[in-house]
Protein chains: 2
Amino acid sequence: MNFSIEKSIEILERTPDVLNTMLQNISADWTSSNEGGETWSVYDIIGHLIHGEKTDWIRRAEIILSEKPGRTFEPFDRLAQFEESEGKSLTQLLEEFKILRKKNIEHLRSKKLTYKNLEEKGIHPAFGEVTLSQLLSTWVVHDLNHIAQISRVMAKQYKAEVGPWIQYLRILQL
Amino acid sequence: MNFSIEKSIEILERTPDVLNTMLQNISADWTSSNEGGETWSVYDIIGHLIHGEKTDWIRRAEIILSEKPGRTFEPFDRLAQFEESEGKSLTQLLEEFKILRKKNIEHLRSKKLTYKNLEEKGIHPAFGEVTLSQLLSTWVVHDLNHIAQISRVMAKQYKAEVGPWIQYLRILQL
């Protein structure tokens with residue numbers, strides 16, 4: 001499948017509703033525990049998605065499309081949510097993510113990107129040159145990655161409860 | 001987290017809406033391709049979930065709760081969907097799953113299961129003795145497993161599009 005703005009937006013615009021459907025008003029037992037050690041809870045993951053909306057995807061797209069020399073991205077802070085989410089409920093985080101995502105998709109659409117734009121480049125702090133279409137594809141896959149992670153973190157809460165079926169449930173072995 | 005009927009239903013009752021939100025009216029590019037070889041597309045996975053509603057979870061629970069001797073489960077056919085889904089659209093499958101799941105949750109609630117019921121046993125064709133609470137926990141984790149799988153199958157469609165970011169996207173390496 002080749003990159004397409006419209007097909008990317010199909011995923012991006014669904015994610016807030018997918019998360020709301022999965023998580024709204026669910027027992028905290030499913031969302032406040034992690035997979036052990038330094039891993040993230042569902043609550044932590046939503047905070048991470050919010051931080052991406054604020055500082056990563058659209059901001060990096062703007063850097064690529066800017067006329068300025070030196071199109072190097074700021075490194076993304078993968079732990080910012082531990083401070084930023086403090087004191088907020090999961091419901092508040094889900095609502096915040098929904099509002100930010102809607103605004104960012106409107107912003108993306110307003111750019112009316114051409115094929116030429118999609119090949120423009122920025123400098124990733126670790127990888128070097130990356131194109132706008134690679135950045136936008138990554139935004140989409142990043143959403144799906146975290147939906148899968150949320151499913152896995154929730155599944156793990158029942159790891160001890162499934163008995164011998166653990167052998168058939170790959171998600172509990174990841 | 002210990003097994004709870006109510007907390008299990010929180011997940012089970014959300015799954016049809018989660019799938020609808022993720023997949024309804026999305027481009028077939030996301031749902032008709034698989035991960036290569038004999039793997040399943042999103043369309044195949046929804047067919048598999050339908051077959052489980054018809055022949056697995058509630059039917060096995062009934063066997064466990066029956067007074068009859070020899071509470072051995074029928075083996076589950078993991079490939080039944082390739083015949084059963086034939087000629088149906090994804091929209092039809094999503095609707096079929098939603099109706100079956102609703103009926104099965106109503107059936108589960110109507111049993112008014114006691115703690116004692118949850119410890120009753122059936123015979124799994126591969127594992128031997130399993131309890132009702134292990135069966136119901138597995139139903140929940142099975143849903144989450146397939147939501148994660150659907151996310152992964154969709155993500156893989158952009159595997160070549162993300163460029164160097166593939167290194168940071170665990171879902172593309174599974």
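Read the figures in this text as sums done on the coordinates, not as results from a lab. Keep in mind the model is a prediction, meaning the values are calculated, not measured. Cβ coordinates were reconstructed from backbone atoms using ideal geometry, including for glycine residues, and neighbour counts include every protein chain displayed.
Using Cα pairs closer than 8 Å and at least 6 residues apart in sequence, work out the relative contact order for chain A, in percent. For chain A, the relative contact order is 30 percent. Within the shell of other residues whose beta carbon sits under 13 angstrom from the beta carbon of B:Ala28, the net charge comes to -1, with Lys and Arg scored +1 and Asp and Glu -1. Distances between equivalent label points of B:Glu35 across the copies, with each point positioned 7 Å along Cα→Cβ, amount to 1.4 nm, shortest listed first. Summarising the overall dimensions of the protein assembly as shown from its C-alpha atoms, the Rg and Dmax are 21.5, 78 angstrom.
Relative contact order, whole percent, for the range B:30-98 stands at 37, derived from Cα pairs under 8 Å and 6 or more residues apart. Among residues other than A:Glu38 with Cβ under 13 Å from its Cβ, the summed charge is -1 (Lys and Arg +1, Asp and Glu -1). When the charge dipole of the range A:76-139 is built from unit charges on Cβ atoms (+1 for Lys and Arg, -1 for Asp and Glu) and taken about the Cα centre, the candidate among A:Phe82, A:Leu132, A:Phe97 whose Cα reaches farthest toward its positive end is A:Leu132. From largest to smallest, the equivalent ellipsoid semi-axes obtained for chain A from the alpha-carbon gyration tensor read 32, 17, 16 Å. For chain B, the longest principal axis of the C-alpha atoms and the axis of helix B:132-156 are separated by about 10°. Principal-axis analysis of the Cα atoms of chain A puts helix A:90-110 at an angle of about 20° to the longest axis. Here B:Lys54 yields copy-to-copy label distances, from shortest upward, of 4.9 nm, the label point defined as 7 Å from Cα along Cα to C-beta. Look at the stretch A:166-174: the mean tally of other chain Cβ atoms within 10 Å of its residues' Cβ atoms is 4. Report summary: the helix-based calculation at 222 nm, which adds -39500 (n - 2.57) for every DSSP H run with n ≥ 4 and divides by the residues of the protein assembly as shown, gives -18000 deg cm²/dmol.
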